[in-house]
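The values are calculated or read from the model by the stated rules, or taken from the named source; none is laboratory data. Computed from a predicted structure; not experimentally measured. Here Cβ is always computed from backbone atoms with ideal geometry, including for glycine, and neighbour counts include all displayed protein chains.
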Amino acid sequence: MIEDSPRRPLMTSSSLQPGFACSVDASRPEPSRSSAIYRHAGEPIGDIEQAYSGRLTPDLAVNTFRNIDRLFPTRIISAGASPRPLGQAPTSLDGVIASANGDAYDLYDYLALNSVTGLLVLRHGEIVHETYQRGNRRDTRWMSMSVAKSICSTLAGMAIRDGLIPEGLSSQVTDYVPALAGSAYEGVSLRDLLMMASGVAWNETYTDPRSDRRALLKAQIAQQPGRAIKVMAALPRAVRPGTLHNYSTGETQILAELVRRAVGRPLADYLSEKLWQPYGMESDACWWLESADGVEIGGSGIAATLRDYARFGQFMLDGGRLDGQPLLPEGWVDEATRPTTLVGSQSPLEYGYMWWTAWTEPSRRDRAFAARGIHGQLIYVNPARDIVIAQNAAAPKPLGRLVIDPMVFCDAVVAHLEGQAGGPA
């Protein structure tokens, strides 16, 4: 179904106020927080099942992905009045060459072939490259998809740091989400959940309408409180907790419920209080809800500007600190973003606490990590080179349609920037 008007009038000028068009020109003003209507609000959009099944035309996909607040009820993640400045150090990326399948691709190939709608590169906290495509601009709020998982896991770390989850990573899931008592989640710890190693059976296939992932999506579409957790409570046990990684968006919904109960307030409010306002995000964001005024969708549904996604990456690069003060437990960022070894396994798991560890050799050497989302969303963090790369994209299918591996491209950007600066490539 294609709509010419919002399905639900969720975002109004009084609740979300982005502002002026974006620009990489440092002399231009920051986006205003005035009462301007969101520039993309009148665009025709598709529906969420079309997105997950890969049945959106390119223009309709772009419209939908920058208007996801029209798909479900949302809660505002409020920004503060003083955005954290991002310095400008413009650098040409014309020399960037990424190799894939025996072919060489430059920046312009990458933008076109990977359906990139926004690309921002920070080095030493300064913008060295920023570009927008397909009508996106600096004020465009773009969907995060599974990038939200990494944000949600970071909130769990903040709650532990705040003493709101006293048992820390050993906390039992059913102690915080009683609706799962007696289910296959008995005996599953918070650490198991963060590593998606609960041992509970799950099928994540996005395009299969019979998969567990699509069952969870149907529960979200139903907009009935508690229905998503009922889906999770009905799943069978496959293996012993902590012994096998099985990527499961459903487990991020359990995480959202757990953190919501621990902090005693909506996740959007907690994120705003802990990070969005004090760290200086420049624009309000929004987050999908399971039901009207319900819990946030832990695995997707955050819509934010590209610069604010980059700021989140910079926060992680800085070790989870705000003006030198830690917001996360000691060592959290290192532990959450490195490969780990599960019980009984001889090889490391290339996954952290809902963060992807590096999968290319140059990035492995640098201990880089990434938040990733279907259709090409990415926040890449390379602490060794002090580089963050944030990307929005509109690939035609959830998975398998990126011509160039995004981390291969990130490696090429890192090598190019290091070469220009005279550092090691």
Enumerated strands (runs of 3 or more DSSP E) restricted to region 80-124, each holding at least 3 residues that are within 25 Å of the chain's Cα centre (by Cα) and surrounded by 12 or more Cβ atoms within 10 Å (Cβ to Cβ): 116-123
Residues of region 322-350 satisfying the condition of being of a type in the set (D, E, K, R) and surrounded by 15 or more Cβ atoms within 10 Å (Cβ to Cβ): Glu335, Arg338
From Ala390, Ala415, Ala384, Ala371, residue being out of contact with any Leu (no Cβ under 6 Å at 6 or more places or on another chain), modelled with pLDDT of 95 or more and buried (at least 22 other Cβ atoms within 10 Å of the Cβ): Ala371
Candidates Arg364, Arg401, Arg385, filtered to the one that is farther than 30 Å from Asp208 by Cα and in contact with a Gly (Cβ under 9 Å, 6 or more places away or on another chain): Arg385
Conditions (1) over 16 Å from the mean Cα position of the chain (by Cα); (2) of a type in the set (Phe, Trp, Tyr); (3) under 26 Å from Leu255 (Cα atoms); (4) surrounded by 24 or more Cβ atoms within 10 Å (Cβ to Cβ): number failed by Trp359: (4)
Residues being under 10 Å from the mean Cα position of the chain (by Cα) and either of a type in the set (A, V, I, L, M, F, W, C) or surrounded by fewer than 24 Cβ atoms within 10 Å (Cβ to Cβ) (or both) - total across region 302-315: 4
Verdict on Glu130 being touching a strand residue (DSSP E or B) at 6+ places or on another chain (Cβ under 7 Å), surrounded by fewer than 23 Cβ atoms within 10 Å (Cβ to Cβ), over 17 Å from Tyr353 (Cβ atoms) and of a type outside the set (Val, Ile, Thr): yes
Qualifying residues in region 341-369 (those that are outside any loop (DSSP other than H, G, I, E, B) and touching a helix residue (DSSP H, G or I) at 6+ places or on another chain (Cβ under 7 Å)) - the one farthest from Pro58 (Cα to Cα): Pro362
Index of the failed condition, Gly163 passing every other in (1) without any contact (Cβ under 8 Å) to a residue 40 or more places away in the chain; (2) closer than 25 Å to Tyr380 by Cβ; (3) in a loop (DSSP other than H, G, I, E, B): (2)
Residue count, region 290-338 (criterion: of a type in the set (Val, Ile, Thr) and either out of contact with any Phe, Trp or Tyr (no Cβ under 9 Å at 6 or more places or on another chain) or within 26 Å of Ser82 (Cβ to Cβ) (or both)): 4
Candidate set from region 278-333 (those that are charged (D, E, K, R) and farther than 22 Å from Thr74 by Cβ); member that is modelled with the lowest pLDDT: Asp323
Those residues of region 333-346 which are under 25 Å from Val121 (Cβ atoms) and in contact (Cβ under 8 Å) with a residue 24 or more places away in the chain, in sequence order: Ala336, Thr337, Arg338
Test: Thr205 is surrounded by fewer than 20 Cβ atoms within 10 Å (Cβ to Cβ) and either β-branched (Val, Ile, Thr) or under 22 Å from Thr341 (Cα atoms) (or both): yes
Lone unmet requirement of (1) part of a loop (DSSP other than H, G, I, E, B); (2) under 17 Å from Ala370 (Cα atoms) for Ser153: (1)
Residues of region 175-194 classified as under 19 Å from Leu349 (Cα atoms) and either free of Cβ contacts under 8 Å to residues at least 12 places away in the same chain or surrounded by fewer than 23 Cβ atoms within 10 Å (Cβ to Cβ) (or both), total: 2
Criterion (touching a strand residue (DSSP E or B) at 6+ places or on another chain (Cβ under 8 Å), under 21 Å from Phe65 (Cα atoms) and touching a residue at least 12 places away in the same chain (Cβ under 8 Å)) met by exactly one of Ala238, Ala219, Ala268, Ala256: Ala268
Residues being in a strand (DSSP E or B), of a type outside the set (Phe, Trp, Tyr) and either out of contact with any Cys (no Cβ under 6 Å at 6 or more places or on another chain) or without any contact (Cβ under 8 Å) to a residue 12 or more places away in the chain (or both) - total across region 285-332: 10
Qualifying residue in region 399-406 (condition: outside any loop (DSSP other than H, G, I, E, B) and surrounded by 16 or more Cβ atoms within 10 Å (Cβ to Cβ)): yes
Qualifying residue in region 158-174 (condition: touching a Ser or Thr at 6+ places or on another chain (Cβ under 6 Å) and buried (at least 22 other Cβ atoms within 10 Å of the Cβ)): yes
